[in-house]
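Have a look at the structure below, then the notes.
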Amino acid sequence: MRNFGVHSEVGKLRTVMVCRPGLAHERLTPGNCRELLFDDVIWVHEAQKDHYDFVLKMQERDIEVFEFHDLLAQTLEIKEARSFILDRRITPNSVGAPAAAAIRPWLDDMPAKELSVHLIGGIAMADLPRGEVSTGLRSAFGGTQFLVPP
């Protein structure tokens, strides 16, 4: 088993995990960026290009690069892992009991890749499937409010 960690500030970087700009960044506004712990709103397309170039440069230098979205999606393919993550992310205390009960089956059935995007990028009220509880939540909070923040 590999010993993960940073063991030198000046040594050769061998392996790195990155997270490409995506849904969380697309949802940033001047009004919510500070609350979501971002310094500012970014040009997502430009950030994605810069990220892609940066990853290529690292790979050209024989650095092993892992993408967080991909790792999370692979993990979510494992039923027990998906349950473990959702049991801790979608709770009555975090989203409210009616919302947790309403969205859990939707998230359980969601393809792993799509679920990884939402777990990282957040679940906005507008993302919720149509239904009595989600319609009530949407009207109460509006389409831009997050049920699960990024």
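The values are calculated or read from the model by the stated rules, or taken from the named source; none is laboratory data. Since this is a predicted model, take the numbers as computed values, not measurements. Reconstructed Cβ throughout: ideal geometry from the backbone, glycine too, with neighbour counts over all protein chains shown.
A few points about this structure:
- Residue satisfying all of: in the range 136-150; surrounded by 13 or more Cβ atoms within 10 Å (Cβ to Cβ) and part of a helix (DSSP H, G or I); modelled with the lowest pLDDT among these: PHE141
- Test: residue in the range 99-111 that is of a type in the set (A, V, I, L, M, F, W, C), buried (at least 16 other Cβ atoms within 10 Å of the Cβ), without any contact (Cβ under 8 Å) to a residue 24 or more places away in the chain and out of contact with any Pro (no Cβ under 8 Å at 6 or more places or on another chain): yes
- Residue within the range 58-68 that is farther than 23 Å from ARG27 by Cα and under 16 Å from the mean Cα position of the chain (by Cα) present: yes
- Residue within the range 109-124 that is among the basic types (Lys, Arg) and either modelled with pLDDT of 95 or more or within 14 Å of the chain's Cα centre (by Cα) (or both) present: yes
- ARG82 vs. criteria surrounded by fewer than 19 Cβ atoms within 10 Å (Cβ to Cβ) and touching a strand residue (DSSP E or B) at 6+ places or on another chain (Cβ under 8 Å): no
- Here GLU26 does not qualify as farther than 15 Å from PRO150 by Cα and not β-branched (Val, Ile, Thr).
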